[in-house]
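Every read-out reported here was derived from the displayed coordinates using simple, explicitly stated rules and does not represent laboratory data. Nothing here was measured: the structure is a model prediction, and the numbers come from that model. Quick reminder, even Gly has a Cβ in these numbers, built from the backbone with ideal geometry, and neighbours come from all protein chains shown.
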Amino acid sequence: MKILTITNQKGGLGKTAVGTNIARVMADSFNKKILFLDLDVQGNASDTLEKFKCKLCATDLMSRVLKEEEIKAVVEGSQSIVLCSADDNLANTENLDKGMCSANLANNLKALGEHFDYCIIDTPPTLGNILVIALLVTGQILIPVELDSFSLLGLNKLLTTYQNINMVRSQNGMATCDLLGIVINKFVSSRKRQQELLEQLQKSAIGSLLLNDKIHTSGAIQDALSNSCSLNELRAIKGHTDKRAIDEFYALTLEILNHDTK
Ligand SMILES: Nc1ncnc2c1ncn2[C@@H]1O[C@H](COP(=O)(O)OP(=O)(O)OP(=O)(O)O)[C@@H](O)[C@H]1O
Ligand SMILES: [Mg+2]
């Protein structure tokens with residue numbers, strides 16, 4: 001099982017939108033079995049993916065080693081996505097020992113791993129214990145950004161965090177994690193300022209980290225999130241969807257899957 005953490009310390013840039021849509025596309029179009037772990041106490045991903053919820057919540061995976069029966073109960077169903085939802089106790093995880101929580105989580109994900117293709121982790125918009133724990137266990141990191149100056153300023157901070165985490169991982173004899181890339185979300189191609197920032201970013205030292213596939217701003221993405229459905233399911237619920245958003249998430253997911261075969 002690959003572990004992919006969606007992260008950005010700044011809020012509202014689309015971590016949850018990107019993470020949940022990628023999970024849906026991986027499951028629905030690529031026949032992958034997904035374990036979705038919501039580590040954000042806000043629980044937005046848990047609301048959106050509610051129908052996939054299993055008995056285990058995020059805190060269970062970090063606070064203790066799961067029993068064999070619990071693992072069996074989670075993997076038994078035929079659902080293509082299994083959600084370990086955010087719970088209120090996540091707020092207390094900030095006071096727990098990072099080393100213990102990350103060791104528990106790594107052990108539990110290892111045990112669950114043989115039953116899933118991907119674990120997708122949604123994270124909170126703060127650099128607290130929870131984000132550090134996720135970064136200590138993940139194999140890959142995906143960073144959604146918006147093309148605005150504040151979002152891009154925060155990016156350097158996040159890249160420093162990533163380097164520091166990999167240093168800690170190396171010092172502890174762990175494999176380092178892979179920065180899969182930066183995905184531009186809420187793109188408005190007609191907006192001159194966004195085009196200028198995109199060009200600056202492409203020419204910068206981190207230009208090579210930009211993924212090819214961007215996600216445009218789309219009302220359907222918001223509607224799908226708030227109606228707890230996929231972009232495809234939105235058509236039946238609302239009578240409309242956004243074909244471009246569907247195509248963009250398909251292309252982004254394919255780019256992520258292809259990255260793994262490189
Ligand atoms: N491509 C998009 N087009 C239109 N709206 C979007 C898009 N991506 C995200 N949104 C909307 O922007 C808001 C923030 O998105 P989202 O919740 O995914 O961000 P986040 O990074 O997870 O936020 P937080 O840091 O609070 O967890 C939501 O209302 C969501 O519906
Ligand atoms: Mg979120």
Quick one: residue 155 ticks every box in (1) under 25 Å from residue 46 (Cα atoms); (2) in a helix (DSSP H, G or I); (3) touching a residue at least 24 places away in the same chain (Cβ under 8 Å) bar one, so which box is it?
(1)
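Given 136, 131, which one is surrounded by 17 or more Cβ atoms within 10 Å (Cβ to Cβ), more than 16 Å from ligand 1 (Cβ to nearest atom), not in a loop (DSSP other than H, G, I, E, B) and not basic (Lys, Arg)? I'd like the intermediate steps shown before the answer.
Values: 131 fails: more than 16 Å from ligand 1 (Cβ to nearest atom).
Every option except 136 fails the conditions.
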Six or more apart or on different chains, Cβ under 7 Å: which pairs go from a residue in segment 214-238 that's closer than 13 Å to residue 51 by Cα to one that's among the hydrophobic types (A, V, I, L, M, F, W, C) and away from ligand 1 (no atom under 12 Å from the Cβ)? Could you list them?
227/234; 227/237; 229/237
Within segment 186-194, identify whether any single residue is aliphatic (A, V, I, L, M), surrounded by 19 or more Cβ atoms within 10 Å (Cβ to Cβ) and either more than 16 Å from ligand 2 (Cβ to nearest atom) or more than 30 Å from residue 107 (Cα to Cα) (or both), and answer yes or no.
no
Take the residues in segment 106-128 that are of a type in the set (A, V, I, L, M, F, W, C) and part of a helix (DSSP H, G or I), then tell me which one is nearest to ligand 2 (Cβ to nearest atom).
109
Scanning segment 20-60 for residues that are charged (D, E, K, R) and not in a helix (DSSP H, G or I), which turns out nearest to ligand 2 (Cβ to nearest atom)?
40
Of the residues in segment 95-124 that are of a type outside the set (A, V, I, L, M, F, W, C) and within 16 Å of ligand 1 (Cβ to nearest atom), the one that is nearest to residue 30 (Cα to Cα) is 122
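Kindly provide the set of residues from segment 80-105 that are within 16 Å of ligand 2 (Cβ to nearest atom) and not aliphatic (A, V, I, L, M), ordered by number.
Correct list: 84, 85, 87.
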Determine which member of the set 186, 243, 238 is in contact with a strand residue (DSSP E or B) (Cβ under 6 Å, 6 or more places away or on another chain) and closer than 25 Å to residue 20 by Cα.
186
